[in-house]
Amino acid sequence: GTAQTKGMLPFDHIHLNEPAAEASAWWEKNISGGRRITEAPNRIMYGAVRLMFLASQSSGGSQGSVIEHLGFSVSDIDAKMRELAAINTKVVEPVRDVPGLYKTALIESPWGTRVQLVQDPELLGLHHVQLRLPDPEAAYAWYLDKFGGERTKMKGQIDSVRYAGVPGFTTVYVIAAKGQSVPSQGRAIDHIGWRSIATINDTKAMLEGESVQLTSQP
């Protein structure tokens, strides 16, 4: 298939519509594994993935949008939830143990970005991005076709596409759940990005050749 010949593009960034200075401080302090980088103001790096804050007012939280939540793995989820409770973080789902998988909980940032915390020692820090779409199979096929990736079952249980193995980049899973959603643009999690390994114009030509709708030009 084309995904194999094209190679895998590394997962590169996540754009949040959250107030840049305030939000970057909250993420750096409260969501384990982030470090501030200096290439641009208010950017937090998780492994090799940038969290970029657009600072614009979001039109709503991530729940109900295509990019439903971000997953972060911590070494001790009970301790992390106690820390978050101490600063009155909104808890959507308290800690529960999913048999054969991991302990998990769901919180929301003060600006409406849903964050699933998981206790997965195999992959600490940024862990996954969960989408919600009417046709998960079509979504997986599209991502594999456009960006490469490896279709897999996380822990043998959860359908996903894994982005891994590109030197200098970190492993991230993209999970598509079935359901109705609205576009993410303008919401708390605005969009996700892959790194162009070829020149941007070559990548643009490749995407246009795959009939990808471009919303902006290089």
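The values are calculated or read from the model by the stated rules, or taken from the named source; none is laboratory data. Note that the structure is a prediction, hence the values are computed from the model and not measured. Note that we place each Cβ from the backbone using ideal geometry, even for glycine, and neighbour counts take in every protein chain shown. Remember, those area values only see protein heavy atoms, side chains included, never the ligands or the DNA or RNA. Shrake-Rupley method; radii C 1.70, N 1.55, O 1.52, S 1.80 Å.
Both radii come from the Cα set of the range 23-174: Rg as radius of gyration, Rh as Kirkwood radius; their ratio Rg/Rh reads 0.95.
Coupling constants for the range 194-200 follow from the phi torsions by the Karplus curve (6.51 cos²θ - 1.76 cosθ + 1.60, θ = phi - 60°), and in residue order they are 10, 8, 7, 7, 6, 5, 4 Hz; glycine and proline get x. Taking θ as phi - 60° and the Karplus parameters 6.51, -1.76 and 1.60, the scalar couplings of the range 109-124 work out to 5, x, 10, x, 7, 6, 10, 8, 9, 10, 10, 10, x, 6, 8, 8 Hz in sequence order, x denoting glycine and proline. Built from the Cα atoms of the range 104-170, the convex hull projects on average onto 6.0 nm², one quarter of its surface area.
Measuring nothing but how far apart in sequence close Cα pairs (under 8 Å, 6+ apart) lie, relative to its length, the chain scores a relative contact order of 27 percent. With K and R counted +1 and D and E -1, the other residues having a Cβ less than 15 Å from that of ASP190 yield a net charge of +1. Helix-only arithmetic for the chain: the sum of -39500 (n - 2.57) across DSSP H runs with n ≥ 4, divided by the residue total, places the mean residue ellipticity at 222 nm at -6500 deg cm²/dmol. Remark: the range 16-31, residue by residue, has Karplus-estimated 3J(HN,Hα) of 10, 8, 9, x, 3, 5, 5, 5, 4, 5, 5, 5, 4, 6, 9, 10 Hz, where x stands for each Gly or Pro and the curve is 6.51 cos²θ - 1.76 cosθ + 1.60 at θ = phi - 60°. For SER65, the shell of other residues with beta-carbons less than 12 Å away shows a net charge of +1, using +1 for Lys and Arg and -1 for Asp and Glu.
Candidates SER184, ASN201, LEU101 compared by Cα position along the dipole of the range 90-218: farthest toward the positive end lies LEU101, with charges placed on Cβ.
Ligands, DNA and RNA left out, the 1.4 Å accessible surface of the range 53-147 is 52% carbon and sulfur atoms. Between the amide H of ARG36 and those of MET45, distances stay under 5 Å, these residues lying 5 or more places away or on another chain, with hydrogens modeled in the peptide plane. With Cβ to Cβ distances under 14 Å as the rule, what net charge do the other residues near PRO136 carry (K, R +1; D, E -1)? Taking every other residue near PRO136 into account, the sum is 0. In this structure, the amide hydrogen of ARG151, modeled 1.01 Å from its nitrogen in the peptide plane, lies closer than 5 angstrom to those of ARG162, counting only residues at least 5 positions away or on a different chain. Annotation: per residue accessible area for the chain equals 48 Å², rounded to a whole number [probe 1.4 Å, protein chains only].
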